[in-house]
1. Any residue at all in the range 144-167 that's touching a helix residue (DSSP H, G or I) at 6+ places or on another chain (Cβ under 9 Å), free of Cβ contacts under 8 Å to residues at least 24 places away in the same chain and either assigned by TED's automatic domain parsing to the domain that holds residue 304 or assigned to a helix (DSSP H, G or I) (or both)?
2. Can you tell me which residues in the range 142-178 are over 22 Å from residue 307 (Cβ atoms) and among the hydrophobic types (A, V, I, L, M, F, W, C)?
3. Quick test of your reading of the structure: residue 206 fulfils all but one of (1) in contact (Cβ under 8 Å) with a residue 24 or more places away in the chain; (2) within 16 Å of the chain's Cα centre (by Cα). Name the failing condition by number.
4. Give the residue that is farthest from the chain's Cα centre (by Cα), with candidates limited to residues of the range 39-50 that are surrounded by 17 or more Cβ atoms within 10 Å (Cβ to Cβ) and not β-branched (Val, Ile, Thr).
5. Pick from 141, 162: which is closer than 22 Å to residue 277 by Cα, hydrophobic (A, V, I, L, M, F, W, C) and surrounded by fewer than 24 Cβ atoms within 10 Å (Cβ to Cβ)?
6. Going through the range 232-247 one residue at a time, which ones are more than 12 Å from residue 302 (Cβ to Cβ) and part of a strand (DSSP E or B)?
7. Out of curiosity, is residue 111 in contact with a Lys or Arg (Cβ under 9 Å, 6 or more places away or on another chain) and in the same structural domain as residue 73 (by TED's automatic domain parsing)?
8. How about the range 198-256: which of its residues are of a type in the set (Gly, Ala, Ser) and more than 15 Å from residue 130 (Cβ to Cβ)?
Amino acid sequence: MKIALVGATGLVGREMIEVLEERKISCDEFIPVASARSVGKEIKFNGETYIVHSMQDAIDKAPDFALFSAGGETSKTYAPLFADKGTTVIDNSSAWRMDPEVKLVVPEVNGDIITNEDRIIANPNCSTIQLVVALNPLHQAYGIKRLVISTYQSFTGTGANAVAQYEAEKKGQTNDNYPMAYHYPIFENCLPHCDVFLENDYTKEEMKLVHETRKIMNAPQMNITATAVRVPVHGGHSEAVNIEFEKQFDIDEVKSLLRKEKGLILQDDIDKNVYPMPRFARKKDEVFVGRVRRDESIDKGLNIWVVADNLRKGAATNAVQILQKLITD
Ligand code: A2P
């Protein structure tokens with residue numbers, strides 16, 4: 001088995017290497033790929049050293065699988081070239097997610113739709129992945145009518161440039177010393193602006209939450225609205241989620257459903273100040289849910305707080321889980 005990793009030098013790419021190693025995924029040939037400036041650099045995987053390849057070299061090697069995390073434009077251009085060689089691409093960018101021919105997969109929710117005939121499989125947006133893992137058991141039980149989502153998203157989701165901006169600002173360096181990933185400082189700030197603004201005045205990140213959630217949960221009618229905020233936090237994304245259900249629910253049953261769900265950990269004991277926090281989600285593969293409580297302003301409403309490491313379950317772990325499903329099925 002040959003596996004290519006496109007974007008191997010990036011934040012998500014490096015996380016993918018760790019997750020592949022932890023899950024003991026070995027291959028006959030590992031092909032790390034990055035931009036022209038990184039070709040020839042060394043990358044360690046499973047104790048061996050590999051040289052970073054150019055995209056064309058990797059395509060010519062016709063790998064069985066290619067994990068992509070090198071931005072939307074790169075995926076749009078190169079994923080089809082791998083697919084033409086028979087490679088199955090698992091793409092972490094937004095390039096293919098809403099293509100009706102491409103499956104958008106979170107294994108815990110809709111992993112059963114994957115087949116070995118799929119050539120490009122899309123990995124959802126980080127904030128959507130953790131959201132649907134938490135919502136799925138509740139939607140199955142009570143039917144979700146409406147969602148109001150407010151996110152508190154780590155700057156690591158923007159990539160290496162954003163980490164460099166944060167680190168420089170923390171040291172008190174001026175903006176001339178490093179490339180700005182954002183229009184404003186991220187250190188000691190909150191930016192109600194994730195990705196670009198769209199014609200409807202929402203950001204692309206906010207609309208990803210709307211469209212991708214509907215697609216993964218196969219719920220085209222679900223009413224969803226979101227505000228996405230970038231925060232100076234390292235460990236992961238947090239989300240305050242207000243849910244209105246079709247059916248009445250019992251709060252103890254809700255907790256029991258969440259407790260039983262695969263990939264989900266209920267951390268909810270307010271007497272002991274137990275609730276999920278991004279600082280403690282770092283490097284964890286699960287989604288954490290807490291602050292589960294009835295919304296007393298409506299009849300069938302619930303509030304929950306959802307946290308996950310955006311580089312892990314929000315990106316690398318989910319992609320590797322898709323790969324594992326393809327390998328083992
Ligand atoms: P490089 O390190 O050579 O720039 P991040 O999201 O953390 O910024 O990482 C982006 C990743 O995508 C990096 O590994 C980067 O490589 C890679 N990348 C960016 N553009 C291309 C491209 N045109 N072809 C291949 N890899 C790319």
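1. Taking the range 144-167 as the starting set, the residues that turn out to be touching a helix residue (DSSP H, G or I) at 6+ places or on another chain (Cβ under 9 Å) are 144, 147, 149, 151-160, 162-163, 165-166.
Add one more test, that the residue is free of Cβ contacts under 8 Å to residues at least 24 places away in the same chain, and what stays is 165.
Keeping just the survivors that are either assigned by TED's automatic domain parsing to the domain that holds residue 304 or assigned to a helix (DSSP H, G or I) (or both) gives 165.
Yes, because at least one residue in the range 144-167 is touching a helix residue (DSSP H, G or I) at 6+ places or on another chain (Cβ under 9 Å), free of Cβ contacts under 8 Å to residues at least 24 places away in the same chain and either assigned by TED's automatic domain parsing to the domain that holds residue 304 or assigned to a helix (DSSP H, G or I) (or both).
2. 160, 164, 168, listed by residue number.
3. With respect to (1) in contact (Cβ under 8 Å) with a residue 24 or more places away in the chain; (2) within 16 Å of the chain's Cα centre (by Cα), residue 206 is out only on (1).
4. So, considering only residues that are surrounded by 17 or more Cβ atoms within 10 Å (Cβ to Cβ) and not β-branched (Val, Ile, Thr), the one farthest from the chain's Cα centre (by Cα) is 50.
5. 162
6. Of everything in the range 232-247, those that are more than 12 Å from residue 302 (Cβ to Cβ) and part of a strand (DSSP E or B) turn out to be 237, 238, 239.
7. Judged against the criteria, residue 111 is a match.
8. 219, 256
The values are calculated or read from the model by the stated rules, or taken from the named source; none is laboratory data. From a predicted model like this one, the values you see are computed outputs, not experimental measurements. Every residue, glycine among them, receives a Cβ derived from its backbone with ideal geometry; neighbour counts consider all protein chains shown.
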